[in-house]
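What follows is one structure encoded as structure tokens, with my remarks underneath.
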Amino acid sequence: MAAVGALLSAAALLLVAVLCLAGSSSATNVTYDHRALVIDGVRRVLVSGSIHYPRSTPDMWPGLMQKAKDGGLDVVETYVFWDVHEPVRGQYDFEGRNDLVRFIKAAADAGLYVHLRIGPYVCAEWNYGGFPLWLHFIPGIKFRTDNEPFKTEMQRFTEKVVATVKGAGLYASQGGPIILSQIENEYGNVDVNYGPAAKPYIQWAAGMAVALDTGVPWVMCQQNNAPDPIINTCNGFYCDQFTPNSNSKPKLWTENWSGWFLSFGGAVPYRPTEDLAFAVARFYQRGGTLQNYYMYHGGTNFGRSSGGPFIATSYDYDAPIDEYGLVRQPKWGHLRDVHKAIKMCEPALIATDPSYMSLGQNAEATIYKTGSVCAAFLANIDDQSDKTVTFNGKAYKLPAWSVSILPDCKNVVLNTAQINSQVTSTQMINLASSIQTSDALSTEAELASSGWSYAIEPVGITKENALTKPGLVEQINTTADASDFLWYSTSVIVNGGEPYLNGSQSNLLVNSLGHVVQVYINGKLAGSGKGTASSSLVSLTTPITLVPGKNKIDLLSTTVGLTNYGAFFDLVGAGITGPVKLSGPNGALDLSSTDWTYQIGLKGEDLHLSNPSEASPEWVSDSAYPTNQPLIWYKTKFTAPAGDDPVAIDFTGMGKGEAWVNGQSIGRYWPTNLAPQSGCVNTCNYRGAYTSSKCLKKCGQPSQTLYHVPRSFLQPGSNDLILFEQFGGDPSKISFTTKQTASVCAHVSEDHPDQIDSWISPQQKLQRSGPALRLECPKAGQVINSIKFASFGTPSGTCGNYNHGECSSSQALAVAQEACVGVSSCSVPVSAKYFGDPCRGVTKSLAVEAACS
């Protein structure tokens, strides 16, 4: 134990020194060697997490940073989003959610370093990969290759970003928090497609970045040929086997995918906590010294920022901090414990290189030992079988697919598969249907079903600047993404007897590059089709009825986020490129080359109907408003839900569209886009390699029904909600919800290690008595008011659905109540000493579910 104490004392002193450095205004020297980043002459083992500033709000940033710090992070990583900062060439925006300097300062205020990933290509499931659309129209430009027009623009923006943060004194070399920067992004995944021009482009990008003299190292992720002094880094679900391209560079992991992104039309992906913890521990075990969670807080794709196409508005990512800014338990808590265990090993990790020892099939030990310090990691990489291994003459139990961490090469302080952290069960409270216990809820319920105004969006061409030309046009080159919408309009004359007619009936075939097509014949909706995240193509055959004389054909093509990844992703098109044909039993009429009239965007967009401060005669106030009809704008007023719980709108009952709260877009909504019926699992086995399709939920259900409304979007008193509904819905069915904690739970076994803090606090070390179950209310001022469930023996199930096993102590409930009720947090030893032994010779566990108020 003395060795552990010495290690902890050294780690504590190092932590104090780092905190002082992070809060200091004096210059910090950041370099690297083959083991780690070196900060003011000291190698560092660092834990990082991605938080993207445009996906949250400035009011959320301090809380997110504090939760990141409390979760054991040292660094916050963010991309820089070119399109939001330079929406028009030469016109910059660094305000509001785009205030990069404020975001970085918020990280510094929490004692965090920053990794600034400038790119400027970011991927990130962001519209057009973060590139502004005007870039596409520069003469002679070719993206991400040895092309002078592109390199000129890329350098100009990169210099602008560096100058902006330098001007605020934010690089570590200036006393600021930025210790790393990134240029380019995952280019190595696609560079072979760019041929011989790829290598000189990467060499140019590296040289350009280094010449900016930021005073901190630069990285390139997924770039095996990154030239010196650029550090090449790894992205993936696992990076323990990654090796840098030089033995003088440290092993860094820029993206450890904490979950996966959600697509409209897809099931909801999640990554088991035990597997993510396993991946983290394996990386540090095998020589890594900085890993970053992508994402640590995913946030929300506000406005039209989502990419894909078909990336959902929620970018929750199953991250340790959820979309709404609440910690996700047990993921946040268990990873915090992993970080603490890693930090306990830091003196050994930075002192020497690892050595490896086989512990049998699919089991290995990694030892960091020099002088008096020693740390070890014991891994069982078998995805089926638990193992008992012998290390240094002592037996250790290793669950399958797990790592045990021994900061003194003797005592296990954490196993990645054994979660001591509590679990929180959350619920969305529907304010319109909840029991009304306050005036605020009563007001909310009334407003949810009253007072809608509407405006009809006309079908087809209504603008004077519409363009008529022969043939079909590609959408993105036509709209420059100024709107999701492009109208295609033509007409046909029916005289009778046409070969494409069967009486008055015909079939209209429409082929589109994507993403959504609606067919209107003589002003009436006749059919629609949509692509998917795996293929945006639409091939739609619609039975239609034509009348004698002139028939108007209006096709509304809609994008749902532009492609953000892949070689030449910037050239991937959208819209109706044909063929478009009328067909019947005796022939067909190809309309692809006829004259078409085009209108970019909607009339309501030109009239700024989404802005509640601009009055428009288009709005109609009537107690009877149209429902379940396409192309309608809706407007109402509401009072913000009381309290500080996160707010969302449940769009069940609507079709597809976009929503604005007080003029700010909360994103596209599409609750009618359902996930496939198959592919989901009731429980996901954390053992074995994770993939993005391994753990899915909500098959056969809408991909997203709840849409985050940040509290900063709301105001006291009256608020405005405006919708554009494209498919048709009933706005009286939408409701406001708040996200609240229903229960706090934990399930800890006699085999679990002691709580990690018992190894850190000298006072607790003297009292260490084995594993313990701990509960804590999530909000300040709350106390545990009841125990919903308690069982010591062989309980099973999950939080909110625990069950007693065949073996169960009769004293469990009373013990838990005595220890926990009336306090904000409690600790209950997991031992037969306190509960009696209901089944001798059986490994027992304690499960408790509690409620806070």
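Key figures
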| quantity | calculated |
| --- | --- |
| Karplus 3J(HN,Hα) series, Hz, for the stretch 37-42 with 6.51 cos²θ - 1.76 cosθ + 1.60 (x for Gly, Pro) | 5, 10, 10, 6, x, 10 |
| Taking the chain and dividing mean pair separation by its residue count, relative contact order in percent (alpha carbons under 8 Å, at least six apart) | 12 |
| Anchor K697: lysines whose Cα lies under 20 Å away (excluding residues fewer than 8 positions away in-chain) | K331, K739 |
| Calculated [θ] (222 nm, deg cm²/dmol) that DSSP helices of n ≥ 4 give over the chain, each run adding -39,500 (n - 2.57) | -5000 deg cm²/dmol |
| For the stretch 121-135, 3J(HN,Hα) per residue [Karplus equation, 6.51 cos²θ - 1.76 cosθ + 1.60, θ = phi - 60°, Hz, x = Gly/Pro] | 6, 10, 6, 6, 6, 9, 3, 6, x, x, 6, x, 5, 4, 4 |
| Charge dipole of the stretch 526-616 about the Cα centre (unit charges at C-beta), most positive-ward option of S593, A615, N564 | S593 |
| Residues whose placed amide H lies under 5 Å from that of R328, excluding near-sequence neighbours | I321, D322 |
| Signed unit charges on C-beta, dipole axis of the chain, positive-most listed residue M344, Q782, Y669 | M344 |
| Karplus 3J(HN,Hα) series, Hz, for the stretch 255-272 with 6.51 cos²θ - 1.76 cosθ + 1.60 (x for Gly, Pro) | 9, 9, 6, 6, x, 7, 7, 9, 10, 4, x, x, 6, 8, x, 8, 10, x |
| The chain - share of DSSP beta bridges that are antiparallel (%, nearest 5) | 80 |
| Flagged links, alpha-carbon separation over 28 Å, of K142/K581; K69/K694; K249/K410; K105/K340; K67/K844; K463/K552 | K142/K581; K69/K694; K249/K410; K67/K844 |
| Gain upon complete extension [T152, K410; 0.36 nm per residue less C-alpha separation] | 87.2 nm |
| Computed accessible area, R774, all protein chains, 1.4 angstrom probe, square angstrom | 70 |
| Long-range amide H partners of G575 with built H, under 5 Å | Q475, L513, G514, H515 |
| Accessible area in the full protein assembly, largest first, 1.4 Å probe, for S246, S557, S613 | S613, S246, S557 |
| Along the chain, longest interval not containing exposed GluC sites (Glu not before Pro), exposed being DSSP loop plus at most 12 other Cβ atoms within 10 Å | 96-463 |
| Cα lying deepest toward the dipole's positive end in the chain, options A209, P139, P54, charges on Cβ | A209 |
| Amide H partners (placed H, <5 Å) of W596, local residues excluded | K469, G471 |
| Dipole magnitude of the chain about its Cα centre (Cβ charges: Lys, Arg +1; Asp, Glu -1), debye to nearest 20 | 1480 |
| Helix runs (DSSP H) in the chain reaching 20 Å along axis by Cα, Kyte-Doolittle at least -0.5 | 2-22, 331-349 |
| Relative contact order (%) - criterion: Cα under 8 Å, at least six apart; region: the stretch 81-179 | 31 |
| Cα→Cβ-extended label distance, 7 Å offset, between T388 and S732, nm | 6.8 |
| Rough spin-label spacing in nm, given labels placed 7 Å along Cα→Cβ, for S853 and A624 | 4.6 |
| Cα gyration tensor shape for the stretch 303-345, rounded if a/c is under 1.5, else prolate or oblate | prolate |
| Set of aspartates and glutamates with alpha-carbon distance to K733 below 19 Å, sequence-local pairs under 8 removed | E444, E446, D622, D650, E658, D720, E725 |
| Nearest-0.05 FRET efficiency for S749 and N430, computed from C-beta distance (R0 45 Å) | 0.75 |
| Global form of the chain, assessed from the alpha-carbon gyration tensor, a/c cut-off 1.5 | prolate |
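The values are calculated or read from the model by the stated rules, or taken from the named source; none is laboratory data. Keep in mind the model is a prediction, meaning the values are calculated, not measured. Counting neighbours? That spans all protein chains shown, and the Cβs are built from the backbone with ideal geometry, glycine included. All accessible areas refer to the heavy atoms of the entire protein, side chains included, with ligands and DNA or RNA removed. Shrake-Rupley method; radii C 1.70, N 1.55, O 1.52, S 1.80 Å.
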